[in-house]
Amino acid sequence: MEPGWLVIEHPVEPFKIKMVEPIRLLSRDERAKRLDEAHWNVFRLKSRDVFIDLLTDSGTAAMSHSQWASLMQGDESYAGSSSWFRLEETVRNVLGIDYILPVHQGRAAERILYRWLLRGYRRAIVPANSHFDTGKAIIEDSGGIPVDLPTPHSRDRSSRYPFKGDMDVSALESLMRREHDNVPFILLVITNNTVGGQPVSIENIKAVREIADRYGKPLVMDICRFAENAYLVKERDPVRRSMSVRDIVREMLSYGDHFVMSAKKDGLANIGGFIATRVYDAYEELMARVVMEEGFITYGGMAGRDLEAIAQGLMEVVDEDYLRYRVEQVRYLGELLVHEGVPIIEPVGGHAVYVDALEALPHIPRSNYPADALAAYLYLESGVRGVGLGALAFSRVIGGRVVYPERELLRLAIPRRVYTESHLKYVAKSLGKVIAERHKVKGLEIVWEPRIKGVRHFLAKLKPIDAP
Ligand code: F0G
């Protein structure tokens, strides 16, 4: 490795380490055995058999000492818990939204809000900058049709367009013109996980808001990575460079009506979530659904201590020293991978580096799930766990034909405040080696899958194509 080749260096962590959790690297033979036992699906591996776990940034953050301390103050009362009022107050403060309902994690917020918005529609069409897997599966399961309208800039893997998470506003306009009677709401996922953790610009949010207003539709935002989006806006939008992240967050969210939040991401917590809304009538309606499906409206399926951890996490996540470190660490892994000859989505987004598996493994057809094959072989090579986001997760059979998603991606999601520079160097070297020896990587086929196709990537049993 040439000294000085990196465009950026690993950021200096704005924290020191007070507690450690041992990890171990199994031998190659053991990894091969574990992978077989897991049916070649990395979701089925035991975490103790994983060396560096980049499966997700969800629920995997290291909590701060203030968060751990706050757990002791959790008020576990069924109704009227003081931990709830602390969380409610913090959300109002940080996000600038008044009505908040707790749920146990993001997909519960999606399920309750989306099902309510979809009621009464026979053929609901839900346009989004790009749906993520759980929300997409919930909309489909409720009889709706999710439609992805990502900006055309996102199609070019290496274009440096700063806001590849944007929605294609002209595509939205033409869909609304044709289908507005069937559209219950418009969705913006911030950052856009499916197209590479890419940020959404405030100009784009405003343009979508304008269309929503023109057709009288609510704008829903999935804000589980709102702080990372705001920091990337600060970096990439010259008009907002001198604004504080807190002000950008408030401006960004001021254009939405309803919000779903998984606190497992930018809540810096291990579990939890909420629905937020600016509309009192919606709050009243959703309240009853939360009581019925999640728990009373002052805990929503969480322990009082979880509420405390999230309240504290939300204050820490908008700290700009933290966010600079966070975003630069993810970018650092991207730089290392580029150096190793790995084709990644550029510019690197907020929470993960996304590898183009079609480009990395051109010999594997999409019907043999190159993204998931790359995830499996990366584990085999190194004990590193990423996740495939491609045909296995997002293809659908429509009119007897398999329709593939735009991309086939291996996502390396970085848990917050967990791994160090040397961990990331190990990841980059390992993946570089897998791709340099790509001829060894075989495609996968499905041995078993669940009936609900939207979640099959979590559960499917797979095997390499030549395996008995
Ligand atoms: N929305 C987005 C954009 C997400 O990324 C996720 C979860 C959810 C909603 C659901 O939240 O897990 O708390 O129920 N994403 C994780 C991931 C699992 O790995 O990206 P949840």
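Quick notes on this one:
- Values of log10 I(q)/I(0), in the order q = 0.23, 0.24 Å⁻¹, for the stretch 193-238 under a Debye, Cα-only, solvent-free model: -0.89, -0.94
- Label-to-label distance for residue 241 and residue 20 is 4.1 nm, based on points extended 7 Å past Cα in the beta-carbon direction.
- Å³ per residue enclosed by the Cα convex hull of the stretch 69-203: 157 Å³
- Translational diffusion coefficient of the stretch 35-92 (Stokes-Einstein, Kirkwood radius from Cα pairs, 4 °C, 1.567 mPa s): 87 µm²/s.
- Distance between the C-alpha centres of the stretch 450-464 and the stretch 148-167: 28 Å, rounded to the whole angstrom.
- Residue-by-residue Karplus 3J(HN,Hα) for the stretch 159-171, coefficients 6.51, -1.76, 1.60, Hz, glycine and proline x: 5, 8, 3, x, 10, 6, x, 4, 8, 7, 5, 6, 5
- Under a model in which nothing but the beta-carbon of Lys, Arg (+1) and Asp, Glu (-1) is charged, the stretch 65-317 shows a dipole of about 640 debye around its Cα centre.
- Here the convex hull built on the C-alpha positions of the stretch 315-405 has a volume of 133 cubic angstrom per residue.
- Computed magnitude of the charge dipole of the stretch 393-468 (debye, nearest 20; Cβ of K, R +1, Cβ of D, E -1): 180 debye
- Largest-first ordering by accessible area, 1.4 Å probe, given options 110, 76: 76, 110
- Counting heavy atoms of the protein chains alone, residue 133 has an accessible area of about 10 Å² for a 1.4 Å probe.
- Under 5 Å, built H, 5+ apart or other chain: amide partners of residue 147: 126, 128
- Database remark: amide H of residue 222 closer than 5 angstrom to the amide H of 188, 189, 190, 260 (H placed geometrically; neighbours at sequence offset of 5 or more, or on other chains; Pro and chain starts carry no H).
- In a DSSP loop and with at most 10 other Cβ atoms within 10 Å, there are no chymotrypsin sites (Phe, Trp or Tyr not before Pro) in the stretch 248-291.
- In order along the stretch 430-436, the Karplus-derived 3J(HN,Hα) couplings, from 6.51 cos²θ - 1.76 cosθ + 1.60 at θ = phi - 60°, round to 5, 5, x, 5, 4, 6, 5 Hz, and Gly and Pro are given as x.
- Tensor-based shape of the stretch 65-317 (alpha-carbon gyration tensor, a/c under 1.5 rounded, otherwise prolate or oblate): oblate
- With contacts taken as Cα pairs under 8 Å and at least 6 residues apart, the stretch 65-317 reaches a relative contact order of 32 percent.
- Length gained when the stretch residue 116-residue 319 is fully extended (0.36 nm per residue, less Cα-Cα span): 69.6 nm
- Using a probe of 1.4 Å on the protein chains alone, the accessible area found for residue 19 is around 150 Å².
- Residues with amide H under 5 Å from that of residue 52, placed H, sequence gap 5 or more: 384, 385
- With eigenvalues of the C-alpha gyration tensor scaled by 5 and rooted, the chain, Å: 33, 27, 23
- Within the accessible area of the chain (1.4 Å probe), percent carbon and sulfur: 52 percent
- Trypsin sites (Lys or Arg not before Pro) lying in DSSP loop within the stretch 188-278, provided at most 15 other Cβ fall within 10 Å: 241
- Partners for residue 217 among aspartates and glutamates (Cα-Cα distance below 13 Å; same-chain residues under 8 apart left out): 173, 179, 181, 257
- Between the stretch 298-356 and the stretch 380-443, the alpha-carbon centres lie 18 Å apart.
- Residues of the stretch 65-317: accessible area per residue with a 1.4 Å probe, Å²: 36 Å²
- Cα centroid separation, the stretch 58-94 to the stretch 22-56 (Å): 33 Å
- Largest accessible area first, the listed residues 336, 358 line up as 358, 336 when surface is computed with a 1.4 Å probe on the assembled protein chains.
- Taking N as its residue count, the alpha carbon Rg of the stretch 155-280 over 2.2 N^0.38 Å: 1.06
- Karplus 3J(HN,Hα) series, Hz, for the stretch 120-127 with 6.51 cos²θ - 1.76 cosθ + 1.60 (x for Gly, Pro): x, 8, 7, 9, 7, 10, 10, x
- Calculated [θ] (222 nm, deg cm²/dmol) that DSSP helices of n ≥ 4 give over the chain, each run adding -39,500 (n - 2.57): -12000 deg cm²/dmol
- For the stretch 286-307, the residues whose amide N sits under 16 Å from a probe point set 7 Å from the Cα of residue 78 along the beta carbon direction are 291-304.
- For residue 180, the solvent-accessible surface computed with a 1.4 Å probe is close to 60 Å², ligands and nucleic acids excluded.
The values are calculated or read from the model by the stated rules, or taken from the named source; none is laboratory data. Owing to the predicted nature of the structure, the values given are computational and were not obtained by experimental measurement. FYI the Cβ positions are ideal-geometry reconstructions off the backbone, even for glycines, and counts take in every protein chain you see. Note: areas computed on protein heavy atoms with side chains; ligands, DNA, RNA excluded. Shrake-Rupley method; radii C 1.70, N 1.55, O 1.52, S 1.80 Å.
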